[in-house]
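What follows draws every value from the coordinates through simple rules; no lab data is involved. What you are looking at is a predicted structure, and each value in this text was computed from that prediction instead of being measured. A quick note on method: Cβ atoms are made from the backbone with ideal geometry, for glycine too, and the neighbour counts reach across all protein chains shown.
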Amino acid sequence: MAKINYLIAAWHGPRIFDLRCPRPAQCTYYLRQQLRYLHALDHKLDQITIIVPAIETSPVPYWNYVRDLPAQLDDTKLSVFTRPNTGISYGGYIEACRHYKDDFSHFMLVEDDYVPVLDNFDAIFLEYVEKQGGGYVCSHIAPKSPDVASHSVGLVTTEAMIAAYPTHIGYLDPRHDIHPDRPHLWRHIQAAFARPIVAAGHPLGTIGNEFRVPYTDFNYWPKYWCPPENPDVGEAVFSPVQFASEFFDPASSD
């Protein structure tokens, strides 16, 4: 039976995207929205883990919010995993998977500004992983690079992450720290993240042929884009938090 740990790669400081998308007034905004959507949707997650890099330099309201979180969100265990600020989101995934490798069969990889917008989103990814025989199922694969997850939101087996770890560990080199004057480094890690999984014999798949995971960045803001694996895809599963209410209103479940 699958045991899924939902890993939220969180951040409390400036973001590259702040140049285009107005920064929220509250430093806890993204985390609050994540937990709000998770509370409103049906799922069978076994644990929700908030990965917080550089907690010691976080704003006081953020530190207080994380410190005061309950031990559970509904029936799901809620945990906080702190770490140095290396390897951006992918470094957090790598270290958290390594830390919890004996406790879970699968890890869901989500950045804090993308939220689920469909009931049983975890079951959708799990079905795809099981159909392909393990490995990693992401939201989108780069059209010209079948070993690159161009949008990393997805589900990966513990086995695949452990197999990729000897290569992944290189991404945690201090030279990959994220700094405002070195924002380009995320592209290298993003492009490289899935390759060690595939190289170790674990397949990479996508839900993009049947479901949508809208995406936004500098090129699309203030709109979003759905990569066209299939132009007639169905329901949205995750969304940038800025557009999430277009797909699901958490207040409707209250």
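Annotations for the structure displayed:
- Sorting Trp225, Trp11 by the number of Cβ atoms found within 10 Å of their own Cβ, with the fewest placed first, yields Trp225, Trp11.
- Gain on full extension, evaluated as 0.36 nm per residue between Lys77 and His99 minus their Cα-Cα distance, stands at 6.3 nm.
- Nonlocal amide H pairs with His43, under 5 Å, H built at 1.01 Å: Asn120
- The listed peptides 28-35, 59-66, ordered by packing as a protection proxy, come out as 28-35, 59-66 (highest mean of other Cβ atoms within 10 Å first).
- Lysine pairs within region 1-132, Cα separation less than 15 Å, 8 or more sequence positions apart or different chains: 4
- Using the Cβ-Cβ distance between Phe243 and Ala123 with R0 set to 25 Å, the FRET efficiency from 1/(1 + (r/R0)^6) comes to roughly 0.60.
- Listed by Cβ neighbour count within 10 Å, with the fewest neighbours leading, Asp68, Asp112, Asp119 appear as Asp68, Asp119, Asp112.
- Taking amide hydrogens as placed 1.01 Å from N in the peptide plane, the amide H of Asn85 sits under 5 Å from those of Ala54, each at least 5 positions away in sequence or on another chain.
- Amide H contacts of Ile48 (H built 1.01 Å from N, under 5 Å, at least 5 apart or other chain): Tyr6, Lys77, Leu78, Ser79
- The phi-based Karplus calculation (6.51 cos²θ - 1.76 cosθ + 1.60; θ = phi - 60°) puts the 3J(HN,Hα) values of region 8-22 at 9, 7, 9, 7, 10, x, x, 10, 4, 5, 4, 5, 10, 9, x Hz, whole numbers, x for Gly and Pro.
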